[in-house]
Amino acid sequence: MRQHEPLGRPPVQVPGCEGCAELAVRRDEARARYDRSAETDANVLLRQHQRRDHATGAPGPARTRRVFRYVPYVIAQDQSAEPEYEARCVSGDETECGAESGVRHDPAAVEEWQRWHTQETRHFRYRRSFGDYSVLEPLEEVPG
Ligand SMILES: [Zn+2]
Ligand SMILES: [Zn+2]
């Protein structure tokens, strides 16, 4: 399910660096909710941070000398909570309509609401949003 960035490779977090880890989490969360602009923002911040804090002047991956144990996590969708889909009508010249589908657990239900609303109002433009819950799970058991 991994999507490739069209422009260059996304920066890779440096193991053991909290700054990288935080931004990588932000990026993964953005990716999980299909928020491409937030994902790009996180990549930009991650590149800036790495230029500032991991500048080695040498080619190849940057290294950090900080030594504390870093536990790698996988970010997975929380299966105990249903994803949420929603749409809001943003049609209108001066002020937007603002009608909302309400939170649905099925994207088809949101589309159905959009078709109904468009039929009623001839409004054609909607902002859709998607939310879900994710959990971080350690890749390995921490000994002792
Ligand atoms: Zn870093
Ligand atoms: Zn409307």
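Only residues that are closer than 18 Å to P83 by Cβ and of a type outside the set (S, T, N, Q): list them for segment 103-119, please.
Within segment 103-119, V103, R104, H105, D106, P107, A108, A109, V110, E111, E112, W113 meet the criteria.
Can you tell me which residue among S101, S91 is in contact with a His (Cβ under 7 Å, 6 or more places away or on another chain) and outside the structural domain of A32 (by TED's automatic domain parsing)?
Selected residue: S91, the only one of S101, S91 that is in contact with a His (Cβ under 7 Å, 6 or more places away or on another chain) and outside the structural domain of A32 (by TED's automatic domain parsing).
Can you tell me how many residues within segment 11-34 are over 18 Å from E137 (Cβ atoms) and in contact (Cβ under 8 Å) with a residue 40 or more places away in the chain?
6
Give the residue, chosen from R122, R127, that is within 23 Å of the chain's Cα centre (by Cα) and outside the structural domain of A24 (by TED's automatic domain parsing).
R127
For residues that are under 16 Å from E120 (Cβ atoms) and hydroxyl-bearing (S, T, Y), scanning just segment 85-103, find the one that is nearest to ligand 1 (Cβ to nearest atom).
S101
Would you check if E29 is modelled with pLDDT under 95, more than 11 Å from ligand 1 (Cβ to nearest atom) and touching a His at 6+ places or on another chain (Cβ under 7 Å)?
no
Among the residues of segment 92-103, is any away from ligand 2 (no atom under 14 Å from the Cβ), at pLDDT 90 or above and either more than 23 Å from the chain's Cα centre (by Cα) or not in a loop (DSSP other than H, G, I, E, B) (or both)?
Within segment 92-103, none of the residues are away from ligand 2 (no atom under 14 Å from the Cβ), at pLDDT 90 or above and either more than 23 Å from the chain's Cα centre (by Cα) or not in a loop (DSSP other than H, G, I, E, B) (or both).
The values are calculated or read from the model by the stated rules, or taken from the named source; none is laboratory data. As the structure is a prediction and not an experimental result, all values here were calculated from the model. Every residue, glycine among them, receives a Cβ derived from its backbone with ideal geometry; neighbour counts consider all protein chains shown.
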